[in-house]
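Take a look at the structure set out below.
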Amino acid sequence: MANILEELWRGNVVPYGSVRHTSEMTQLMGYIARHHEKLTSNLTGELKETFEKLDDCWNEYAELCDREVFIQAFRLGMQIAIAAMTERDE
């Protein structure tokens, strides 16, 4: 346990960088990239700028959601660990 805590303190444990993409996720990302490119290549001027702002906002929102999911999952994991350590066999 001390090793993982030390690694966390040093910044060597980065849970958000360790997501394993399934083939389904990889395929979906390909679709998203293709549609995004097709859409942006057909936009000009103000519409392109508006879409880029929308895209930036969506990315920021997704990052905030990911952070909240991580926090809630970590808390749940800690609650499970605490319950496992403090409950007595009956």
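What the table shows:
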{"quantity": "Conditions (1) modelled with pLDDT under 90; (2) hydroxyl-bearing (Ser, Thr, Tyr); (3) surrounded by 10 or more Cβ atoms within 10 Å (Cβ to Cβ); number of the one not met by Thr40", "calculated": "(1)"}
{"quantity": "Selection from the range 9-23 of residues that are open to solvent by 80 Å² or more (accessible area, probe 1.4 Å) and at pLDDT below 75", "calculated": "Tyr16, Val19"}
{"quantity": "Subset of the range 43-72 that is of a type in the set (D, E, K, R) and either more than 26 Å from Val19 (Cβ to Cβ) or outside any helix (DSSP H, G or I) (or both) - its residue that is least open to solvent (accessible area, probe 1.4 Å)", "calculated": "Lys48"}
{"quantity": "Members of the range 73-90 found to be more than 17 Å from Val19 (Cα to Cα) and within 20 Å of the chain's Cα centre (by Cα), listed by number", "calculated": "Arg75, Leu76, Gly77, Met78"}
{"quantity": "Single match in Lys53, Lys48, Lys38 (criterion: in contact with a Ser or Thr (Cβ under 9 Å, 6 or more places away or on another chain) and charged (D, E, K, R))", "calculated": "Lys48"}
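The values are calculated or read from the model by the stated rules, or taken from the named source; none is laboratory data. A quick note: this is a predicted structure, and the numbers were derived from the prediction, not measured. When we count neighbours, we look across all protein chains shown, and the Cβ atoms used for this are built from the backbone with ideal geometry, even at glycine. Just the protein is used for accessible areas: all its heavy atoms, side chains included, with ligands, DNA and RNA removed. Shrake-Rupley method; radii C 1.70, N 1.55, O 1.52, S 1.80 Å.
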